[in-house]
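The values are calculated or read from the model by the stated rules, or taken from the named source; none is laboratory data. Everything numeric in this text was worked out from a predicted model, so none of it was measured. All Cβ positions, glycine included, derive from the backbone under ideal geometry; neighbour counts span all protein chains shown. Remember, those area values only see protein heavy atoms, side chains included, never the ligands or the DNA or RNA. Shrake-Rupley method; radii C 1.70, N 1.55, O 1.52, S 1.80 Å.
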Amino acid sequence: MEIYAPTGNTGEPQNSLASPIPVLNGLSLGILDNTKPNARVLLDRLADRLVERVGLTLAIAETKNAALAASDQVLESLSKEVQVVLTASAD
Amino acid sequence: MSLDMYEILEIPDSSERELQDLFHEKGWGDGLPMIAPTRDRVEEMLSASQDLDPDEVIASLPPRNGVATRRIIAVNAVMAGCRTEHFPVLVSAIRALSAPEMNLRGVNATTHCVAPLLIVHGKAARDGNYNSGLGAFGPGNLANATTGRAVRLTLLHVAGATPGVGDASTQGSPAKYSYCVAENLDSSPWGGYASTVGIDDESAVTVHCGEAPHNVHDMESSEPSAILDKVASAMTSWGQNNAPISQGEYFIALCPEHAATCAAHGWSRSDIASYLFNKATVNVGDARKAFELRAWAPWQHALEDTDNMSMTEKAENIRIFVTGGAGKHSCVIPSWGMTKSVTVPVLP
């Protein structure tokens with residue numbers, strides 16, 4: 001008997017990960033808080049460590065809705081102001 | 001496009017038990033037995049699309065970005081037990097699920113218990129023998145059960161909404177097995193729902209990503225306001241996902257008797273929605289205490305703690321349709337919040 005697999009193919013990924021940044025020292029850092037409970041606590045503490053240990057400069061913090069993509073305005077603001085963004089926290 | 005784009009498995013003739021075990025080993029299915037999607041059965045299902053391209057891409061379904069062609073939807077329809085007459089409703093529902101405002105990525109991936117509810121309207125509901133009467137939400141009707149199930153199988157297999165992989169729902173939901181109902185047009189005093197959102201085709205399907213139904217029981221009232229006060233009470237529970245989200249929609253599935261009482265007093269659909277908008281309110285201070293994370297419209301942030309506000313930002317977010325049979329039970333179906341319902345014509 002021949003049967004079809006029900007999964008089908010997958011399309012091209014809509015996004016790909018950015019290339020790693022080899023040297024963080026001297027770059028500016030942004031936070032994109034997805035507003036999940038405790039996300040900001042985690043992101044702030046991580047940012048503090050990166051500023052202290054690696055020499056990044058915290059420049060800007062933005063927020064987004066947890067269930068939706070960040071607005072164009074927020075993404076434009078981050079892309080103009082910083083080279084590194086910390087984001088994402090699940091519950 | 002060709003059959004090369006599909007994986008076809010050659011399997012030995014085996015017992016029903018061995019076949020179901022194979023499905024399970026492959027990670028396919030919803031836990032219930034499924035029908036083998038043989039070439040012949042899939043071709044028969046595709047005959048419902050007449051001469052349309054079986055390999056046309058109907059939708060790309062996140063989070064897996066699975067490519068839902070007519071053929072792969074037909075495979076899932078066969079597995080769910082659909083008949084050919086249900087296939088155009090299923091294809092149309094998958095088309096609706098891929099609309100950007102549906103936010104299917106979020107619907108599939110959230111920790112919430114949301115499931116897509118299909119509401120079948122008009123000729124397709126009659127021709128497909130969908131149940132819009134007694135026990136409309138189930139169980140017992142082949143069309144409702146299998147079309148709803150085929151949507152879920154497509155989401156599991158094509159969209160990758162597998163619990164723990166692409167579906168993070170904390171507790172899941174019985175509505176994630178099958179969630180399909182028909183509009184009771186014969187008992188609707190206001191005509192069909194689809195035309196209220198600009199779809200005048202003789203057949204349509206609405207997809208609303210929501211919670212399982214919240215019952216509204218009113219045996220005694222002869223006034224619309226008394227019935228609708230109970231509906232409003234079901235809309236204002238703090239536990240539902242719409243509570244901190246102002247853009248959330250509510251589908252109000254009125255039973256024919258509740259609908260008739262409203263209509264007999266001259267109330268239209270929009271009268272009911274406006275009444276509920278004004279009645280389903282909560283105290284702003286209590287809402288602020290209840291939720292740290294609030295997705296409110298800008299005007300809501302400006303309210304004082306002593307103010308009251310509606311559960312949703314506008315009356316148009318409260319959608320009314322009629323379903324069910326004799327008796328006096330209606331229901332409220334709150335959405336997940338970050339999603340909008342979509343109504344489309346039924347097209348093959």
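Which residues, taken from region B:278-334, are small (G, A, S) and either more than 23 Å from the chain's Cα centre (by Cα) or surrounded by fewer than 21 Cβ atoms within 10 Å (Cβ to Cβ) (or both)?
Matches in region B:278-334: B:G285, B:A287, B:A290, B:A295, B:A297, B:A302, B:S310, B:A315, B:G325, B:A326, B:G327.
Looking at B:Y275, B:Y179, B:Y193 in this structure, which one is under 23 Å from B:H112 (Cβ atoms), among the hydroxyl-bearing types (S, T, Y) and buried (at least 20 other Cβ atoms within 10 Å of the Cβ)?
B:Y179
Name every residue in region B:39-72 that is assigned to a helix (DSSP H, G or I), among the aliphatic types (A, V, I, L, M) and more than 9 Å from chain A (Cβ to nearest Cβ), in order of residue number.
B:M45, B:L46, B:A48
I'm trying to understand the selection: among the residues of region A:54-65, which are within 12 Å of the chain's Cα centre (by Cα) and of a type in the set (A, V, I, L, M)?
A:A61
So, of the residues in region B:97-106 that are buried (at least 22 other Cβ atoms within 10 Å of the Cβ) and under 13 Å from B:T154 (Cβ atoms), which turns out to be nearest to the other protein chains (Cβ to nearest Cβ)?
Going through the qualifying residues, I end up with B:L104.
Within region B:148-159, can you find the residues that are farther than 19 Å from B:T206 by Cα and in contact with a helix residue (DSSP H, G or I) (Cβ under 8 Å, 6 or more places away or on another chain)?
B:H157, B:V158, B:A159
Do the conditions hold for A:I31, that is, is it part of a strand (DSSP E or B) and within 14 Å of chain B (Cβ to nearest Cβ)?
So A:I31 does not fit the description; no.
Return yes when B:I227 is among the aliphatic types (A, V, I, L, M), open to solvent by less than 50 Å² (accessible area, probe 1.4 Å) and farther than 30 Å from B:G106 by Cα and no when it is not.
Yes, satisfied.
Taking region A:1-28 as the region of interest, how many residues are in contact (Cβ under 8 Å) with a residue 12 or more places away in the chain and either surrounded by 11 or more Cβ atoms within 10 Å (Cβ to Cβ) or within 14 Å of chain B (Cβ to nearest Cβ) (or both)?
The number of residues fulfilling the criteria is 3.
Go through region B:172-231 and give me each residue that's of a type in the set (F, W, Y) and in contact with a strand residue (DSSP E or B) (Cβ under 6 Å, 6 or more places away or on another chain).
Residues satisfying the conditions are B:Y179, B:Y193.
Do we find that B:N278 is within 30 Å of B:S98 (Cα to Cα) and not acidic (D, E) in this structure?
Criteria not met by B:N278.
If we keep just the residues of region B:204-223 that are assigned to a strand (DSSP E or B) and open to solvent by 60 Å² or more (accessible area, probe 1.4 Å), which is farthest from B:H258 (Cα to Cα)?
B:N215
Within region B:160-185, can you find the residues that are acidic (D, E) and over 16 Å from the mean Cα position of the chain (by Cα)?
The one that is acidic (D, E) and over 16 Å from the mean Cα position of the chain (by Cα): B:D167.
Considering only residues of region B:335-347 that are closer than 20 Å to B:S270 by Cβ and part of a loop (DSSP other than H, G, I, E, B), which is least open to solvent (accessible area, probe 1.4 Å)?
B:S341
Do we find that A:A69 is open to solvent by 50 Å² or more (accessible area, probe 1.4 Å), of a type in the set (A, V, I, L, M, F, W, C), in contact with a helix residue (DSSP H, G or I) (Cβ under 9 Å, 6 or more places away or on another chain) and under 30 Å from B:A159 (Cα atoms) in this structure?
Against the criterion (open to solvent by 50 Å² or more (accessible area, probe 1.4 Å), of a type in the set (A, V, I, L, M, F, W, C), in contact with a helix residue (DSSP H, G or I) (Cβ under 9 Å, 6 or more places away or on another chain) and under 30 Å from B:A159 (Cα atoms)), A:A69 qualifies.
Do the conditions hold for B:H86, that is, is it in a helix (DSSP H, G or I) and in contact (Cβ under 8 Å) with a residue 24 or more places away in the chain?
yes
Which of the residues that make up region B:107-146 are in contact with a Pro (Cβ under 8 Å, 6 or more places away or on another chain) and either open to solvent by less than 20 Å² (accessible area, probe 1.4 Å) or acidic (D, E) (or both)?
Residues satisfying the conditions are B:V107, B:N108, B:A124.
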